[in-house]
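Inspection log for the structure reproduced underneath, given as structure tokens.
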Amino acid sequence: MKLNKKDILEALRTITVPGAGENMVDSGAVTNVLTFGDEVIVDITIKNPTLQARKKTEVEIMKAIHDQVEQKAQVKVNLKVDAPAPKEKVEIKGKQIPGIKNIVAIASGKGGVGKSTTTANIAVSLSEMGFKVGVLDADIYGPSIPIMFDVPDERPLSVNVGGKSKMKPVENYGVKVLSIGFFTKPDQAVVWRGPMAAKALNQMIFDAAWGELDFLLLDLPPGTGDIHLSIMQSLPITGAVIVSTPQTVALADAKKGVAMFQQESINVPVLGIVENMAYFTPEELPDNKYYIFGKEGARNLAEDLEVRLLGEIPLVQSIREAGDVGRPAALQSGSPLSEAYEELTRNVVEETVRRNKNLPPTEAIKITTMAGCSAVKN
């Protein structure tokens, strides 16, 4: 069997380059094609550095050649990434917190998808793995982290650090926690305008004695609003994790959440998407799966946006019960839930390590324009 280079090039013309509108051949991405009997070597250069883009390119090349040229061809893809050089750094308005290595924002496009539950379980899983972890409950208007960590009645103590008075975070399950819920009554509504909420958050960020942390998780409020901008303006966030259910309505909002972090003016790397409430399995029928909110919606969204699907967490009653009693389900050692959260957490760590290896440190954003604010007059 002898393969024809012309046939192979025609097959590759049916594939679009990730992030470009042209096919692989005409765009110049394919730099060389060699054939030796039934062997094919394709040299290709792409600009998208993500693992998903690289893997997708390799699979598409092999499939195109096998489907359109020769099913038994031995295909080897030599893929090179020519990512654009990082832009020149801008002035940093925010500042880093000494001792904190990674700041990961847990966000969702809409409420009710289990973002805080996911945050709590990732945090205790990180702690169980031996990492030093903190959680900042930035959901000013609906703080639930104190309940999930069984510390709703605790209050941060004042400690002296370097001659300055600092808040000592409340600690449980090896996780340091700060929340606006520690400073309000359980039945008290937080009725604050944006600047006041931002000021409270800044105090919990910079006036806290966090100490040495491998991960600080930020439990952000739902949506894409003022609190999110205030956080990203104050801190250089390492990456963001988006939580969504498979439901179409939730996915539409999750897509907006990803778009917010990927805006050029914000540019926070998205580590991946978590599909929460992915399916329901009754205790008496452990082999059955019922897709109540839809099937694999977040998985498909992750593929479309070329980010990683970090994990699929089932809809299980004990997750809710564990959160309500203040003992996250990830602490149920040896259970399927514990294993699911452990896999999710490993993937978050893996993506964080890959992000830190391949990309420069994130900078806190600098707000330079009031465009779009109709109330502002020149």
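The values are calculated or read from the model by the stated rules, or taken from the named source; none is laboratory data. Nothing here was measured: the structure is a model prediction, and the numbers come from that model. FYI the Cβ positions are ideal-geometry reconstructions off the backbone, even for glycines, and counts take in every protein chain you see. Remember, those area values only see protein heavy atoms, side chains included, never the ligands or the DNA or RNA. Shrake-Rupley method; radii C 1.70, N 1.55, O 1.52, S 1.80 Å.
The table that follows gives values for the structure above.
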| read-out | value |
| --- | --- |
| Matching residues, region 208-227, being at pLDDT below 85 and open to solvent by 50 Å² or more (accessible area, probe 1.4 Å) | P222, T224, D226 |
| Selection from region 37-57 of residues that are over 18 Å from V307 (Cβ atoms) and either part of a loop (DSSP other than H, G, I, E, B) or not β-branched (V, I, T) (or both) | G37, D38, E39, D43 |
| Selected residue (criterion: surrounded by the fewest Cβ atoms within 10 Å (Cβ to Cβ)) from residues of region 58-87 that are hydrophobic (A, V, I, L, M, F, W, C) and in a helix (DSSP H, G or I) | V59 |
| E351, sole failed condition from (1) surrounded by 20 or more Cβ atoms within 10 Å (Cβ to Cβ); (2) under 19 Å from the mean Cα position of the chain (by Cα); (3) of a type outside the set (G, A, S); (4) closer than 15 Å to E275 by Cα | (4) |
| Set E312, E339, E321: member being farther than 13 Å from T118 by Cα, open to solvent by 20 Å² or more (accessible area, probe 1.4 Å) and under 22 Å from the mean Cα position of the chain (by Cα) | E339 |
| Those residues of region 228-282 which are among the acidic types (D, E), open to solvent by 10 Å² or more (accessible area, probe 1.4 Å) and either touching a residue at least 12 places away in the same chain (Cβ under 8 Å) or under 20 Å from D214 (Cβ atoms) (or both), in sequence order | D253 |
| Residue in region 1-22 that is surrounded by the fewest Cβ atoms within 10 Å (Cβ to Cβ), counting only those that are in contact with a helix residue (DSSP H, G or I) (Cβ under 7 Å, 6 or more places away or on another chain) and at pLDDT 85 or above | T14 |
| Subset of region 245-259 (residues that are of a type outside the set (G, A, S) and in a helix (DSSP H, G or I)) | T248, V249, L251, D253, K255, K256, V258 |
| Inter-residue pairs, beta-carbon under 9 Å, first at pLDDT below 90 and of a type in the set (S, T, Y) and in region 107-134, second open to solvent by 30 Å² or more (accessible area, probe 1.4 Å) and part of a loop (DSSP other than H, G, I, E, B), 6+ apart | S108/P222 |
| Of all residues making up region 1-36, the number that are of a type in the set (A, V, I, L, M, F, W, C) and in a loop (DSSP other than H, G, I, E, B) | 8 |
| Scope region 180-205; condition farther than 13 Å from D139 by Cα, open to solvent by less than 100 Å² (accessible area, probe 1.4 Å) and at pLDDT below 70; matching residues | Q188 |
| Residue count for region 315-361, restricted to those that are closer than 26 Å to A302 by Cα, in a helix (DSSP H, G or I) and among the aliphatic types (A, V, I, L, M) | 9 |
| Qualifying residue in region 100-121 (condition: open to solvent by less than 70 Å² (accessible area, probe 1.4 Å), within 30 Å of I266 (Cα to Cα), in a helix (DSSP H, G or I) and out of contact with any helix residue (DSSP H, G or I) (no Cβ under 9 Å at 6 or more places or on another chain)) | yes |
| Check on R308, out of contact with any helix residue (DSSP H, G or I) (no Cβ under 9 Å at 6 or more places or on another chain) and basic (K, R) | no |
| Selection within region 1-55 - within 32 Å of the chain's Cα centre (by Cα), closer than 21 Å to H66 by Cα and not polar (S, T, N, Q) | I15, V17, P18, M24, A29, V30, D43, I44, A53, R54, K55 |
| Of the criteria (1) at pLDDT 85 or above; (2) among the charged types (D, E, K, R); (3) loosely packed, with under 14 Cβ neighbours inside 10 Å, which one K168 fails | (3) |
